[in-house]
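The values are calculated or read from the model by the stated rules, or taken from the named source; none is laboratory data. Note that this is a predicted model, so its numbers are computed, not measured. For accessibility, only protein heavy atoms count, side chains too; no ligands or nucleic acids. Shrake-Rupley method; radii C 1.70, N 1.55, O 1.52, S 1.80 Å.
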Amino acid sequence: MKERFEVIEEQTNMPGYLFRPQKKGLYPGIIFVHGSGGGSNNFINAPFAPLRPTGKEAPFVRRAFEYAQKGYAALALSYFDFPTSKSLSIIPPTELVAVDIKKITENALSRMRTFDFVDEKRVGICGNSRGAEHVLLLASLAHSESPGAPDYVVAISPTAYIW
């Protein structure tokens, strides 16, 4: 069985939740990008439907935590609809409209490379659903020599098409 790491949450001024193994070392970085559900899901929940898990209970945040347990520095990035109660370097939009991919996501990739627990040569991005479209756009728009360009990209789309 592979080693299971104790995990700590790093406090950061990026919108989202950053987890890493507690043990000192350099870890590959991965940024998880959610789908169109956003941070609160208020706009997508139908009346009388059960509320979707949000905040630290959201599936993409749990996935980031699980990857940290496996030896990754993992950021669950909220590129819109994130509570701005803490001091953020970038304020994401409240709705899934006019999301500045370069400003938010490329900046997060660049920042991940600067942490002393991240292997700067191994930082990637994983998007699910609408986040899959987001990461593919970023990968195609980012200049390959930029610190904000991902070293690897995973796009998980629930259908055969990304709209």
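Ordered by solvent-accessible area of protein heavy atoms (1.4 Å probe), largest first, the residues Leu77, Leu141, Leu136 come out as Leu141, Leu136, Leu77.
Subtracting the Cα-Cα distance of Glu120 and Val99 from their residue separation scaled by 0.36 nm leaves 5.0 nm.
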